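Asks: There's a structure below that I have some questions on.
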Amino acid sequence: MVPERVRLFLWLGMQQVLMTNAERRRRHLSDSDICQICKGAEKTIIHILRDCPAMEGIWIRLVPAGKRREFFTQSLLEWLFANLGDRRKTCESTWSTLFALSIWWAWKWRCGNIFGVQDKCRDRVRFLKDLARETSMAHVIVRTLSGGHGERVERLIAWSKPEEGWWKLNTDGASRGNPGLASAGGVLRDEEGAWRGGFALNIGVCSAPLAELWGVYYGLYIAWERRVTRLEIEVDSEIVVGLLKTGINEVHPLSFLVRLCHGFISRDWRVRISHVYREANRLADGLANYAFSLPLGFHLLSLVPDSLRFILLDYTSGATVSR
């Protein structure tokens, strides 16, 4: 029960790709990996979020005395998974919500200290508790107004044809591990939903977001080569859609591929990017998994593979899938 930006931050933390001094030194972008605040330890992710005196005092006030030893001795992934899965009630919220918001603000406060844009906050512990309570209350209000009351609401999802004069590109990436063996696939269709080309890419080993971005890049390449002037891109990864819409820091490990995609998007044509549910992206998902059966590299497909033809027929007929 936290905002999407916090979810994205948590995901980046779990992937251990946050740009700390330790990470910058590892990439030869900095000569020092020492924390600028305490000057006494390597500035790793776990140091910034937990062990630095700037946050340690806050955690001591938040964490019950009986749980502090375990809390302060866990590795990064153990620490994140254990606390994000803790649903016990605390401060009119849950510990997982309070914990997630606290580490988000730990990073935000740290950036403010480093770059000189720190907001004043008299009592950070009280601030975090109040924020967790407000976040939980807002979640309850939204659920009540939407009529959900926590029950699962079934939806019927279908792929939709693009507007007149537009073509649609659906892409997807697959990774058997993160990182692990990875692939990508995509399909280009016209305003009638007809197959206008596809591809399957056997990448080798990389992370899931990187596989997703390779799918977008090669899809853009194919669409541009076919002289498409209006293109709608659908991807089932909210993270990738966010990166493509808002941009990315140049030191981020995915920045080179995001810039390659932006190079295509900024050309003389109209491109729209949107997120779709996986059920509306089944053909691209099928192509990505089909790529695992192919040799390493890029494979342009003039026809839909026989094993995936039924999905194309479902899409053309407007068939829906329950979610």
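Asks: Any residue in the range 51-62 that is among the charged types (D, E, K, R), within 16 Å of V125 (Cβ to Cβ) and buried (at least 16 other Cβ atoms within 10 Å of the Cβ)?
Replies: No, that holds for no residue.
Asks: If we scan the range 45-59, do we find a residue that is closer than 20 Å to T20 by Cα, in a loop (DSSP other than H, G, I, E, B) and not basic (K, R)? Reasoning before the result, please.
Replies: So in the range 45-59, the residues closer than 20 Å to T20 by Cα come out as 45-56.
From what is left, the residues that are in a loop (DSSP other than H, G, I, E, B) are 52.
Among the residues that remain, those that are also not basic (K, R) are: 52.
So far as the range 45-59 goes, yes, one or more of its residues are closer than 20 Å to T20 by Cα, in a loop (DSSP other than H, G, I, E, B) and not basic (K, R).
Asks: Between K89, K43, which is in contact with a helix residue (DSSP H, G or I) (Cβ under 9 Å, 6 or more places away or on another chain) and buried (at least 17 other Cβ atoms within 10 Å of the Cβ)?
Replies: K43
Asks: Would you say A100 is assigned to a helix (DSSP H, G or I) and surrounded by fewer than 19 Cβ atoms within 10 Å (Cβ to Cβ)?
Replies: Numbers: assigned to a helix (DSSP H, G or I): yes; surrounded by fewer than 19 Cβ atoms within 10 Å (Cβ to Cβ): no.
When the stated conditions are applied, A100 does not pass them.
Asks: A further question on this structure: Of all residues being at pLDDT 90 or above and not in a strand (DSSP E or B) in the range 168-196, which is surrounded by the fewest Cβ atoms within 10 Å (Cβ to Cβ)? Just the residue, please.
Replies: Step by step, filter the range 168-196, then rank; the result is E192.
Asks: I'm told Q16 meets every condition in (1) surrounded by fewer than 20 Cβ atoms within 10 Å (Cβ to Cβ); (2) polar (S, T, N, Q); (3) in contact with a strand residue (DSSP E or B) (Cβ under 7 Å, 6 or more places away or on another chain) except one. Can you identify the failing condition by its number?
Replies: The single condition Q16 does not satisfy is (3).
Asks: If I filter the range 1-10 down to residues being of a type in the set (A, V, I, L, M, F, W, C) and modelled with pLDDT under 80, which single residue comes out as surrounded by the most Cβ atoms within 10 Å (Cβ to Cβ)?
Replies: V2
Asks: Taking the range 244-284 as the region of interest, how many residues are more than 15 Å from T171 (Cβ to Cβ), surrounded by 15 or more Cβ atoms within 10 Å (Cβ to Cβ) and touching a residue at least 40 places away in the same chain (Cβ under 8 Å)?
Replies: 5
Asks: Next question. Could you say whether any residue in the range 218-240 is in the same structural domain as G186 (by TED's automatic domain parsing), under 27 Å from E23 (Cα atoms) and not β-branched (V, I, T)? Break it down stepwise before answering.
Replies: Of all residues in the range 218-240, those in the same structural domain as G186 (by TED's automatic domain parsing) come to 218-240.
Pick out the ones that are also under 27 Å from E23 (Cα atoms) and you get 237-240.
Retained after the next criterion (residues that are not β-branched (V, I, T)): 237-238.
Yes, the range 218-240 contains at least one residue that is in the same structural domain as G186 (by TED's automatic domain parsing), under 27 Å from E23 (Cα atoms) and not β-branched (V, I, T).
Asks: Can you tell me which residues in the range 223-243 are crowded, with 21+ Cβ neighbours inside 10 Å, of a type in the set (A, V, I, L, M) and under 13 Å from the mean Cα position of the chain (by Cα)?
Replies: Residues satisfying the conditions are V235, V240, L243.
Asks: May I pose another question? Specify which of the listed residues (L62, L98, L84, L80) is farther than 15 Å from A132 by Cα and either aliphatic (A, V, I, L, M) or touching a Pro at 6+ places or on another chain (Cβ under 6 Å) (or both).
Replies: On the way: L62 fails: farther than 15 Å from A132 by Cα; L98 fails: farther than 15 Å from A132 by Cα; L84 fails: farther than 15 Å from A132 by Cα.
Sole residue among the options that is farther than 15 Å from A132 by Cα and either aliphatic (A, V, I, L, M) or touching a Pro at 6+ places or on another chain (Cβ under 6 Å) (or both): L80.
Asks: Given the structure, is V2 of a type in the set (V, I, T), more than 24 Å from S255 (Cβ to Cβ) and not in a helix (DSSP H, G or I)?
Replies: yes
The values are calculated or read from the model by the stated rules, or taken from the named source; none is laboratory data. Just so you know, these numbers come straight off a predicted model, no measurement behind them. Neighbour counts run over all protein chains shown; Cβ positions are idealised from the backbone, glycine included.
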